[in-house]
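For reference, the structure discussed in these notes is given below.
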Amino acid sequence: MLCWNTRYFQWGFRCGRQAVEEGSDRYWVWLRMRLDRRAGRDIIRKYFHYVVFLVTALCCAAILLFLTGRVPASESAIQIRNFMVFEDTTGQVDFSTICRPDFADQFHSYKGDDLSLGVSASVFWVRFSLPTVADGSKRLFLQFANPNISWLRVYFPVGEGPSLSYVEKQGGQSQRPMVHEVWTPDWAFVVPNGYPAGGFVFLRLESISALRLPVQLWSEKDFFKNIIVKDFLYGGFYGILLAMLLYNLFIALALRDGTYSFYVLYIFFMLIYQLNAHGHLALWFQLSPGLYNVLFWLCLAAVFAFSILFTERFLQLESEQGMVHILLRGCLAMAVLCGLLGLAGKDLWANLLAHGLGIFEPVFFVTAAWLRWQCGFRPAGFYLLAWGILALGILSWVIFPSRLQAENILMIATASEAILLSLALSSRFKALKVKEMKLIDNVHYYRDLSFTDDLTGLYNRRYMKEIISQEMAQAVAGQSALALAILDIDFFKNYNDTYGHWYGDQVLKCFSKIILENLSSSQTAFRFGGEEFVILFPALTSGQALVVLDKIRRQFANEVFAGPQDSPTHVTVSGGLAGLQTGDSFTTLFQRADQLLYEAKAAGRNCIVVREPTESCGR
């Protein structure tokens, strides 16, 4: 019967040999690749559940934040409205002038739920009255919900008529000593006893940041309940940023990947900026005005800069030229300029530049991510979603009338962006890993093609000398035995001429199959050319190798082959076997085995000739 194709046998035996004995570099690369695939799948599964958990927690936090933003304004707190505003462009008007009755005409009414006076170098005086509270026996708290106000002075009226006086209370990031009457990052003050119903409270505001200031009146119970809820939600927000920072820092250190490093730096400075912007750093560490200002502008500039560098590396825009390159470098230059202006005390210009960058960057990043996604870069999808959500959060900050609701939405958007960017990095790493593994597979495939005989699946002549030389060197170093055999199929040319090359190929495949079935994992077979084969026996003497070769010879001689419309026939093989001797090189060992092959042919074929210790022949 005809012998069938031996490619799969060849692959199995070859992998087995490499796994157990050779320990070759190619095998270990293959093994690492397989382990990486399994590990990658496990990481993705674990990371998926982790992300699902975080997204679920974030959704719950979003609901709580939304409710927290609405409940105080409608039920727990009384929103102060009907402000009267006077802008002092010189900064020279004092309170004794402001509180005079004849100065009331200088104030103009302000319509809106929150005070929103923009970014200005002017001093603003605000006048408003507190609503009457049914239960006046409990303490009331007046809260100004913006921790970044630089200078804030509140003048509460006490008494009526001739006994009218004012109690001054101070706050603000630049006020020293900075005293929080209530331990909260916002500015809250206890309404003094003796406040007359309908009396005007005066507020002096001056700030280097945007003057957007919700003013609320709280009962004592609701005020502290609100502080507890807000602190809990702030802790969740900071916890998400810190978790993303530490998780990706570990990956960045393990992989030494620049993209992860830029993401980690972006999240790090974002975390410090958020702690500073929400007033917690100043509250906890009593930062000096100079240090507060340095941290604010340094972190904000770093957030802009590392977001640009991360985008450039993640979306693989380094090689882009033209408009994309100009915009990237322009944004980076503006980020640096923003930080320098802020550090130099040019806060108004730094604020304007920061607001422009804050609006332009997300739009630019979303556009770039969309274009890369359209070009087939699938990890850009998560990146697009991340910056799209942040862009919506920034848009809400611009258009929402309530600072509290806008701040809550922006916090949700920031936390969502951090998670989605981390997921985008995971997707990018997976895509690059798959691409790398495909490349390694292709390299190994074509390398195998160059070293493997296409017909039999055995190693070819090109690879033979390299392997035999390595094994000989190991045998000499370890003072171990080694044997080399050269086999040649008898009268193969006549068989080819009689039956045709297709049937001759079946004989070669069958003989290769028989060789592989009888060799151990440490023994290697090569097709030298035509009908000639070479077998290497590491750690075996000539006598031990002869046992294996004789079994191959007899098994092959018993195989039945057939040609077209002819009776079955048998084919035999002859061989020469030489053992490694002191001083042998590849050439001398090969020549000695080749000479013994000629002796086997001369001895009548269908035999294996070995110099020592004996000769095995059979018919």
- Calculate, for the range 173-264, the solvent-accessible area per residue in square angstrom, rolling a 1.4 angstrom probe over the heavy atoms of the protein chains. 42 Å²
- Per residue solvent-accessible surface (Å²) - the range 403-525, probe of 1.4 Å: 42 Å²
- Note on the structure: Counting Lys and Arg as +1 and Asp and Glu as -1 over every other residue whose Cβ sits under 14 Å from the Cβ of Phe237, the net charge comes to -2
- Ignoring ligands, DNA and RNA, what percent of the accessible area of the range 274-324 is carbon or sulfur (1.4 Å)? 69 percent
- Task: Kindly state, as a whole number, the per residue volume in cubic angstrom of the convex hull around the alpha carbon atoms of the range 129-287.
- Result: 119 Å³
- Task: Assuming R0 = 22 Å, can you tell me the calculated FRET efficiency for the pair Leu432 and Trp370, based on Cβ-Cβ distance, to the nearest 0.05?
- Result: 0.60
- Task: Measure of size requested: the Rg and Dmax of the range 453-503, with Cα atoms as the atom set and Å as the unit; please supply both.
- Result: 16.4, 49
- Item | Förster radius 56 Å - calculated FRET efficiency between Thr588 and Leu253 (Cβ-Cβ, nearest 0.05) | 0.55
- Message: Can you give me the % of accessible surface on the range 421-560 that is carbon or sulfur? Probe 1.4 Å, all protein chains present, nothing else counted.
- Response: 53 percent
- FRET efficiency for Lys221 and Leu340, Cβ-Cβ distance as r, R0 = 56 Å, nearest 0.05? 0.75
- The convex hull of the Cα atoms of the range 243-355, divided by residue count, gives a volume in Å³ per residue of 109 Å³
- Size of the range 334-402 as Cα extents on the principal axes (Å, biggest first): 45, 31, 12
- Message: Taking 0.36 nm per residue of sequence separation and subtracting the Cα-Cα distance, how much length would be gained by fully extending the chain between Val158 and Leu242, in nm to one decimal?
- Response: 25.6 nm
- So what is the diffusion coefficient of the range 302-431 in µm² per second by Stokes-Einstein at 10 °C and 1.306 mPa s, using a Kirkwood Rh over Cα pairs? 103 µm²/s
- Mean shadow of the range 469-619, computed from the convex hull of its alpha carbons, in nm²? 8.6 nm²
- Simple label model, 7 Å out from Cα along Cβ direction - Trp151 to Ala602, nm: 11.5 nm
- Query: For the range 207-306, what is the Kirkwood estimate of the hydrodynamic radius, computed as the reciprocal of the mean inverse distance between distinct Cα atoms, to one decimal in Å?
  - Reply: 15.6 Å
- Query: Taking the Cα centre of the range 512-616 as origin and charging only Cβ (+1 Lys, Arg; -1 Asp, Glu), how large is the dipole, in debye to the nearest 20?
  - Reply: 80 debye
- Query: Size of the dipole of the range 93-134 about the Cα centre, Lys and Arg at +1 and Asp and Glu at -1 on the beta carbon, nothing else charged, in debye to 20?
  - Reply: 40 debye
- Message: With N set to the number of residues, divide the alpha-carbon radius of gyration of the range 142-210 by 2.2 N^0.38 Å and report two decimals.
- Response: 1.16
- Taking +1 at the Cβ of each Lys and Arg and -1 at the Cβ of each Asp and Glu, which of Leu423, Leu439, Ser450 sits farthest along the dipole of the range 375-456 towards its positive end, judged by Cα position relative to the Cα centre? Leu423
- By per-residue mean of other Cβ atoms within 10 Å, what is the highest-first order of 105-117, 147-159? 147-159, 105-117
- Column: log10 I(q)/I(0), Debye, Cα scatterers of the range 80-133, q = 0.14 Å⁻¹: -0.40
- Binned Cα-Cα distance frequencies in the range 305-345 - 5 Å width, integer %: 5, 23, 28, 20, 11, 7, 4, 1
- Query: Cα extents of the range 490-578 along the three principal axes, largest first, in whole Å?
  - Reply: 46, 23, 21
- Item | Cα pair distances of the range 538-577 binned at 5 Å [whole percent] | 5, 21, 23, 15, 14, 9, 7, 4, 3, 0
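The values are calculated or read from the model by the stated rules, or taken from the named source; none is laboratory data. Bear in mind the structure is a predicted one, so any value in this text is a computation, not a measurement. Positions of Cβ are backbone-derived with ideal geometry, glycine not excepted, and every protein chain shown enters the neighbour counts. Side chains included, ligands, DNA and RNA excluded: accessible areas come from the protein's heavy atoms. Shrake-Rupley method; radii C 1.70, N 1.55, O 1.52, S 1.80 Å.
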